[in-house]
Ligand SMILES: O=C(O)CCC(=O)C(=O)O
């Protein structure tokens, strides 16, 4: 099985990201060392947070479904997309699985206006429980988010599942890599995030570049079974977001399919929108993109009919 070497210090995902140099030193309420973080009393425009939004029954369904998925470790770069001069090849900090379409890290994620083709590879459909939740989220967005912040055709057809936890080194040490460096999600329109397991300290930060510290503008503990939605220019375009850390209090440990040398204590689903015309079946990718993700596709195909079929379509 393809498995990169653990690289706990590497910067996690880089969707418009810069190294996470900031500490949570913002001055307003709900910031600071994280202990005082509370759900926002007055939720700003463009932001929705709902505790206990996923019912215990739905959580149970989702966990059952997760046992059918086999997440993979991806490398950030590839033969046809080598690291820029100041960067090194590295693995992501966590295993991932994508539904709807797969945005392989080495294809640089969906990034309009220029990075729109050869980035999003047709993936598996949502299971009924997620389909149902997505319908409810879409209604919530339409009722609560300014229509000017919802692009025409917007629907949550893409889901990134992030697995957060400890990498176990060959000598048995546990390396906590449950965090995500600051970045933006460039898919247009609101993004919705559903969390399961240990709570995570999620922060919106302002940043003036890699040389200076970022400022925490707003933070929120994302609790087990919570829903967070963020949209609009402030939260999508102006500020970066990051996961600063994931608690270890509940001792949550998901009995998932074995991810080699990894212990999962939080799972997050971020639902996003990619215009359907920018999602390509594998056989329609450019030769370079195909070459870069062929190994991942083969790995996924060992456990998934969808990916097995995608690989069996002859290139035209
Ligand atoms: O895990 C989370 O709460 C956020 C994940 C995230 O920032 C992302 O997938 O872009």
message: Can you tell me, using C-alpha contacts under 8 Å and at least 6 residues apart, the relative contact order of the chain as a whole percent?
response: 26
Relative exposure of 171, 224, judged by other C-beta atoms within 10 Å (fewest first): 171, 224
Histogram of C-alpha separations across the range 76-235, 5 Å bin width, %: 1, 7, 13, 17, 21, 20, 12, 6, 2, 0, 0
field: Order of 304, 206, 195 under a 10 Å beta carbon neighbour criterion, fewest first
entry: 206, 304, 195
message: Starting from a Cα-only point model with no solvent, please compute log10 I(q)/I(0) by Debye for the range 39-89 at q = 0.20, 0.30 1/Å.
response: -0.78, -1.15
- prompt: When the scattering of the chain is computed by the Debye formula from its Cα atoms alone, each counted once and equally, what is log10 I(q)/I(0) at q = 0.08, 0.15 Å⁻¹?
  reply: -0.34, -1.36
message: Contact order normalised by length for the range 44-179, with contacts defined as Cα pairs under 8 Å and 6 or more residues apart; what percent is it?
response: 24
message: Quick check on the exposure proxy: order 272, 94 from fewest to most C-beta atoms within 10 angstrom.
response: 272, 94
- prompt: For the range 228-307, what's the relative contact order in percent, using C-alpha pairs closer than 8 Å and at least 6 residues apart?
  reply: 14
query: With the Cα gyration tensor of the range 173-232 giving a ≥ b ≥ c as the square roots of its eigenvalues, does the rule (a/c under 1.5 for rounded; else a/b larger than b/c for prolate; else oblate) give rounded, prolate or oblate?
result: oblate
message: For a test of the definition: using alpha carbon positions, the gyration tensor, and the 1.5 limit on a/c, classify the range 237-316 as rounded, prolate or oblate.
response: oblate
field: Three-way shape call for the range 173-316 based on the alpha-carbon gyration tensor, with the a/c threshold at 1.5
entry: oblate
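Rule-based calculations on the coordinates, nothing more; no lab input. None of these values were measured; they are calculated from a predicted model. Heads up, the Cβs are rebuilt from the backbone with ideal geometry, glycines too, and the neighbour counts pull from every protein chain shown.
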